[in-house]
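Worksheet for the structure shown next.
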Amino acid sequence: MTPDLRDALTREALSLGFDSIGIADPDAIAGVRERLEAFLAAGAHGQMAWLADNPGRRADPKVMWADVRSVIMFGVNYGPDENPLAILAQRSKAAISVYAQGDDYHEIIKKRLKLLAGWLIGQAGGDVKVFVDTAAVMEKPLAQAGGLGWQGKHTNLVSREFGSWLFLGAIFTTLELPRDDAVVDHCGSCRACLDACPTAAFPAPYQLDARRCISYLTIEHKGPIPREFRQPMGNRIYGCDDCLAACPWNKFAQQGREIKLAARDELRAPSLHALSKLDDAQFRALFTKSPVKRIGRDRFIRNVLIAIGNSGDVALMDDAKRLLGDQSPTVRGAAVWALSQLMAPEAFGALAQQHLAAESDENVRSEWPVDVSPA
């Protein structure tokens, strides 16, 4: 690749809406396999079984595609236009992670990568493959190797220009391209991201136990949320921005320029009352083109009910009571817990007598007081 072609590639990428670009050697992340295997051996991936499928393929781009000679990494800034943690004080409102308040970034970025890959083939030939967080590609180490930023102590990428707010995409190519210099770690002695985590999901700097992470619990975890994490979840119903927002490098962050990734007004601070009433069709309609849709209505309502239980708002008790009759046992169990947090013990015990006898699901039954005999 000539300097002129590299400059043209950068200009083309910027014109398509990418905010940063870097080129890495496929062999540049050879050391990540050991860290990945230790993460898997500890079971820290929780229910994300796909992470354990062929870790060698995930940790080595050349196992993924033997012909790859260069990896071009791209970043798209999605910096918020307001403090993403301010919503946490509005306990009757729902906190949705910044990245999920707009359209699904996977679809937006993949289309751009395909356009850019086609342009590159037209200019220089070769073959390409594009990836956006849906294949066995370790984007963050590759992005660090390509000079986009470094993996902070919260394990996410940190950019000196965009802070912690970058979506990543990759083009694997058979072309031999000049490499960019890797970025060195600039975290220093700071532990702001570690200390900000509500559930102590970081056993050590640069290590994440996904099983304790609110993003994992609200998105990937199936079934009841473990009890120890329910109160720390607060009103976070999809994802968590605490460790990202705490990073001091965000002082250089910029508001994202992609309108499709910007927060929709109806998802900035929706009421828990309104969300609790969504049936499956309404859920799908509200979250059309949103990454939220992939967890399904039942898991979503489970999360809403945990937030209702944490709200301290007794006006939301009727919503939780209504959901005691939901067809999903996951929803019913979360409704029981929400009511246990909002109701006086005597009233909750009386409610248990009304519902326990008719409940067949053991997970739901376990949410009711053990010392209440059904009438």
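The values are calculated or read from the model by the stated rules, or taken from the named source; none is laboratory data. These numbers come from a predicted model, not from an experiment. We place every Cβ from the backbone using ideal geometry, glycine too, and count neighbours over all the protein chains shown.
Yes or no, residue by residue, for (1) touching a helix residue (DSSP H, G or I) at 6+ places or on another chain (Cβ under 7 Å); (2) modelled with pLDDT under 95:
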| residue | (1), (2) |
| --- | --- |
| L116 | yes, no |
| A135 | no, yes |
| R160 | yes, yes |
| S164 | yes, yes |
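Outside the structural domain of G56 (by TED's automatic domain parsing), in a loop (DSSP other than H, G, I, E, B) and more than 28 Å from A52 (Cα to Cα): is that true of G126 in this structure?
no
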**OP:** Quick one: count up the residues across the stretch 132-173 that are in contact with a strand residue (DSSP E or B) (Cβ under 8 Å, 6 or more places away or on another chain) and either surrounded by fewer than 17 Cβ atoms within 10 Å (Cβ to Cβ) or assigned to a strand (DSSP E or B) (or both).
**Re:** 15
Original post:
Which one is nearest to R264 (Cα to Cα), of the residues in the stretch 64-95 that are assigned to a helix (DSSP H, G or I) and at pLDDT 90 or above?
Top reply: I87
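Hey, which of the helices (runs of 4 or more DSSP H) in the stretch 188-251, taking only ones fully inside, have at least 1 residues that are closer than 22 Å to L272 by Cβ and not basic (K, R)?
Details: elements: 192-196, 214-219, 227-233, 242-245.
By residue number, 214-219, 227-233, 242-245.
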Subject >> Cβ pairs under 8 Å, 6+ apart, first in the stretch 294-314 and under 15 Å from S215 (Cβ atoms) and in the same structural domain as Q341 (by TED's automatic domain parsing), second among the aromatic types (F, W, Y) and assigned to a helix (DSSP H, G or I) >> reply: F300/F283; I306/W337
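Results for (1) touching a strand residue (DSSP E or B) at 6+ places or on another chain (Cβ under 9 Å); (2) over 30 Å from V336 (Cα atoms), shown as yes or no for each residue.
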position	(1), (2)
C240	yes, no
A253	yes, yes
L261	yes, yes
F287	no, no
P291	yes, no
D298	no, no
**OP:** Collect the residues in the stretch 199-211 that are buried (at least 17 other Cβ atoms within 10 Å of the Cβ), more than 17 Å from V158 (Cβ to Cβ) and either polar (S, T, N, Q) or out of contact with any Gly (no Cβ under 7 Å at 6 or more places or on another chain) (or both), keeping them in residue-number order.
**Re:** T199, A201, D209
**OP:** Can you run down the residue pairs with Cβ atoms below 9 Å, 6 or more apart or on separate chains, where the first is in the stretch 206-234 and under 18 Å from I308 (Cβ atoms) and the partner is of a type in the set (F, W, Y) and at pLDDT 95 or above?
**Re:** I214/F229; L217/F229; T218/Y238; T218/F300; P224/W337; I225/W337; R227/W337; R230/W337
Original post:
Does H186 count as buried (at least 23 other Cβ atoms within 10 Å of the Cβ) and closer than 24 Å to R35 by Cα?
Top reply: no
